[in-house]
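Here's the structure we're looking at; comments come further down.
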């Protein structure tokens, strides 16, 4: 017969078995930092083991965040804090100062206008203010002078001219009538009348010529009396002439420079008002409706205007007109 198996040994106690597991260390003792948010592309951000997560960025001092900042609440006004009394007092002081100024101004005006005080109210407007007051709007200045600009035709070509008060003589460029005899000049007025004219004087060095019409050509315009027409760089001017035969064409610009030396050495007015062939001998006018120069040449690398034009100043025009008896 088979013998029975021996009995099993008794199970050992807790103290005699396997050692218990060590407790898990807390995160502060070197555990991995928690993961940040997942990247929108689906990839987890790179985490450097053992490194603490960076603090959120702080805007630098002195810069404004994009967007509208929230308004700070206004301090609540409480009755009895004195604010209303201070504002009322300030308003009263301002009102008193205004009343005192008005009274003083009225007294001063009375003294100036009172004939018995012995002091008359003399005008104090300077020459600069008087000049600015005499300036016309551009359209009115053009309308005041356009009828005085004529077209000058000769067998050699055409140009422009301006009728000058009070004698009704016509100023033009010498190169416009160059080569023409005394009876070969025809003037076409702004209202399309054809009037013959004779050459009364010419000066090639100044590129000026004076024509004497044989009929009525209009009233004419005033010639500026000041040297260089009292022009300054930046003053608005306009030219009227017959560029390419287009009679009565108006172009507008500013004075680029005064006393600019031309090829002949004569001092001239430089302007950026467009000047083209056919403008020669026409008028350069200011906003007071006066002739300040006669366009005579352009400086251009091409056969056309590039904004650099030259005009003989009014003082040279006056000398030529005075030489005609």
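Structure notes:
- Filter result for residue 278 (assigned by TED's automatic domain parsing to the domain that holds residue 229 and at pLDDT below 95): yes
- Strands (runs of 3 or more DSSP E) within the range 258-325 that include 2 or more residues farther than 18 Å from residue 209 by Cα: 267-271, 290-298
- Test: residue in the range 178-189 that is modelled with pLDDT of 95 or more and more than 41 Å from the chain's Cα centre (by Cα): yes
- Any strands (runs of 3 or more DSSP E) falling wholly within the range 188-257 and containing at least 2 residues that are touching a strand residue (DSSP E or B) at 6+ places or on another chain (Cβ under 8 Å), at positive phi and crowded, with 18+ Cβ neighbours inside 10 Å: none
The values are calculated or read from the model by the stated rules, or taken from the named source; none is laboratory data. Computed from a prediction, not measured in an experiment: that's the story for all the values here. As a convention, Cβ positions derive from the backbone with ideal geometry for all residues, glycine included, and neighbour counts pool all protein chains shown.
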